[in-house]
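Report on the structure given below.
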Amino acid sequence: MSEIDDLKAELKKLSARATTAKMNLHDLSEELPTDWEKIPEVAQATYDAHAALMAARAKLKALEAAAG
């Protein structure tokens with residue numbers, strides 16, 4: 001498998017993780033003020049998941065441009 005193929009597979013996992021984090025944040029917001037103490041933790045997890053996804057997308061774009 002090429003590095004690009006490996007990264008595409010990783011992107012699928014990161015995308016699923018980011019979607020799950022987004023839904024967790026959404027669910028928490030709907031339950032407020034219950035569990036308001038969890039806002040920083042859930043927000044940070046969501047931020048981290050989306051940051052990793054965006055970094056992987058940028059890396060894939062660079063690899064495809066270099067290969068192309």
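The values are calculated or read from the model by the stated rules, or taken from the named source; none is laboratory data. Worth saying up front: this structure is predicted, and the values here are computed from it rather than measured. Glycine gets a Cβ as well: all are built from the backbone with ideal geometry, and neighbour counts include every protein chain shown.
Looking at Glu31, Glu64 in this structure, which one is of a type outside the set (A, V, I, L, M, F, W, C) and either within 11 Å of the chain's Cα centre (by Cα) or modelled with pLDDT of 95 or more (or both)?
Numbers: Glu64 fails: either within 11 Å of the chain's Cα centre (by Cα) or modelled with pLDDT of 95 or more (or both).
Criteria check complete, one pass: Glu31.
In the stretch 1-28, how many are of a type in the set (A, V, I, L, M, F, W, C), more than 17 Å from the chain's Cα centre (by Cα) and in a helix (DSSP H, G or I)?
Total meeting the criteria: 2.
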What about Ala43, is it part of a helix (DSSP H, G or I), at pLDDT 95 or above and either touching a Leu at 6+ places or on another chain (Cβ under 9 Å) or of a type in the set (Val, Ile, Thr) (or both)?
yes
